[in-house]
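Take a look at the structure below.
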Amino acid sequence: MFVLKAAFLYYVQLWVRWTLPRIRIDQVLYACVQVLLPMTMLILLCNTLWMLGLNYGQLGWLILLDSVIHRVLVLIGAVLVIGMIAIAAHGYSNRRRLVGSLVIDHLPGA
């Protein structure tokens, strides 16, 4: 599962780089170092603490709680993925190349 998550984050990083070809190197470094890296470390820390907190041998109800939380987290992840796809489809349908501060205003008559 860890390898799949790492591959997904690697794919997102490459996707951002290839989708925005005129992005400056400081924006790439911001996205990689200040956004994706802390998010990845937070996910890893939460997963480690969750695995250390579980002791399956003593409490049977903890297995049920683990199963419920796992299903809720999978559902949240699926909703986020569907949301990202919907945002990308919306941007594609409106033909917007750049968003936010990266938008270049065209000169009048151009």
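The values are calculated or read from the model by the stated rules, or taken from the named source; none is laboratory data. Just so you know, these numbers come straight off a predicted model, no measurement behind them. So basically every Cβ, Gly included, is an ideal-geometry build from the backbone, and we count neighbours across all protein chains shown.
State yes or no: is ILE76 over 20 Å from LEU14 (Cβ atoms), modelled with pLDDT of 80 or more and either assigned to a helix (DSSP H, G or I) or not aromatic (Phe, Trp, Tyr) (or both)? Judged against the criteria, ILE76 is a match.
Based on this model, can you work out whether THR48 counts as surrounded by 11 or more Cβ atoms within 10 Å (Cβ to Cβ), modelled with pLDDT of 75 or more and of a type in the set (Ser, Thr, Tyr)?
Working: surrounded by 11 or more Cβ atoms within 10 Å (Cβ to Cβ): no; modelled with pLDDT of 75 or more: yes; of a type in the set (Ser, Thr, Tyr): yes.
Spelling it out, it is not the case that THR48 is surrounded by 11 or more Cβ atoms within 10 Å (Cβ to Cβ), modelled with pLDDT of 75 or more and of a type in the set (Ser, Thr, Tyr).
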